Amino acid sequence: MTLKTLGDLSAELHKSAEHRKQYRLQKPFYDLTLEILNRRKKLGLTQKELAKRIGTHQSAISRIESAEHNSRLGTLVQIAEALETWLEIKLVPNLHLNDEDYELFQVSGHSSSSQKSYTSSTEQESIEFSV
C-alpha cells in the first residue's frame, strides 16, 4: 500500500492500538510545546532570549520545544510568565471508550447517525456524541 499524504500515514498508524495509546500519552506534551514555540515566535524572541528571561540556557529551551523530555511544572510556569501568559492545566473527565470506539472517535472523521453514550467514572454523567 502506498501512502500519499500525511493524513493517510496518520490514519494507517491509528489502526494500531499501541500507537493510539502512545498518541494519547504524548499529545499533551506536543500541544504544549507547540504553544510555547508559537508564542515565543509571536513575541519575536529567540530561544536564547527566552532562556535568559527564566535564567537557563538556550539548550534547555530547545529540549523543551522539541518535547525531548518531561519538563518540571515550575519550569513551565516560568516559561509561561516569560512569554507573558498564564499556564493553565486542567483535568478532564476520562470517558471510558473501548479501543474500537476510540478508533472511530479519533480517526475516521466519518460520522454516522448512531449515537453512543459514555459515562465518566468520576462524575456518573452521560455524554453523547456521534461516532
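The values are calculated or read from the model by the stated rules, or taken from the named source; none is laboratory data. Just so you know, these numbers come straight off a predicted model, no measurement behind them. Don't worry about glycine lacking a Cβ; one is built from the backbone with ideal geometry, like all the others, and counts go over all protein chains shown.
Couple of notes before you dig in:
- Restricting attention to the range 17-52, the residues that are touching a residue at least 40 places away in the same chain (Cβ under 8 Å) and among the β-branched types (Val, Ile, Thr) add up to 1.
- Of all residues making up the range 1-16, the number that are exposed (fewer than 12 other Cβ atoms within 10 Å of the Cβ) and part of a helix (DSSP H, G or I): 3
- Hits in the range 65-91 - residues which are under 15 Å from the mean Cα position of the chain (by Cα), in the same structural domain as residue 52 (by TED's automatic domain parsing) and of a type in the set (D, E, K, R): 65, 68
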